[in-house]
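Presented below is the structure to which this report refers.
The values are calculated or read from the model by the stated rules, or taken from the named source; none is laboratory data. Everything numeric here is computed off the predicted structure, so don't read it as measured data. Cβ coordinates were reconstructed from backbone atoms using ideal geometry, including for glycine residues, and neighbour counts include every protein chain displayed. Areas reflect the complete protein model, heavy atoms only, side chains present, ligands, DNA and RNA absent. Shrake-Rupley method; radii C 1.70, N 1.55, O 1.52, S 1.80 Å.
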Amino acid sequence: MSDNREMYNEINALVGSLAKAFEIDDKLVVEELEAGRIRLDMAADDNGNRYISATRGDRTAKLYQGAIQYDRPPGEDGGDAD
């Protein structure tokens, strides 16, 4: 059985992007993914660009490679924006 470090690095990058998108700690991202409180879906925008749609509670973010787009700006729901 081979060690696939590329996949390991991709998963770490995804967890980091989710933490940034939802302004939470990496460890909490993992816990919430395991518990089903963060939902991930693959999608494509109107231009055919692939992204991951991540939903946590009433907040959704589109995770593109190198960019995050929100359903509304961070902090708009009363939280702090960075």
**Prompt:** Let a ≥ b ≥ c be the square roots of the eigenvalues of the Cα gyration tensor of the range 20-59; is it rounded (a/c under 1.5), or, if not, prolate (a/b larger than b/c) or oblate?
**Reply:** prolate
**Item:** Å² per residue, accessible surface of the range 1-70 at 1.4 Å
**Value:** 72
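Compute and list, largest first, the equivalent-ellipsoid semi-axes of the range 1-70 from the alpha carbon gyration tensor, each √(5λ) rounded to a whole angstrom. Intermediate results must be reported in sequence, preceding the final value.
Details: eigenvalues 77, 60, 23 Å².
Each semi-axis is the square root of five times an eigenvalue, giving 20, 17, 11 Å.
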**Cleavage-rule hits (trypsin sites (Lys or Arg not before Pro)) in the range 1-43: DSSP loop, at most 15 neighbouring Cβ within 10 angstrom** = Arg37
**Item:** Qualifying chymotrypsin sites (Phe, Trp or Tyr not before Pro) in the range 1-72, DSSP loop, other Cβ atoms within 10 Å at most 11
**Value:** none
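What percent does the relative contact order of the range 1-70 come to when contacts are Cα pairs within less than 8 Å and at least six residues apart?
20
Taking R0 as 22 Å, what's the FRET efficiency between Asn47 and Tyr8 from their Cβ-Cβ distance, rounded to 0.05?
Computed FRET efficiency for Asn47 and Tyr8: 0.15.
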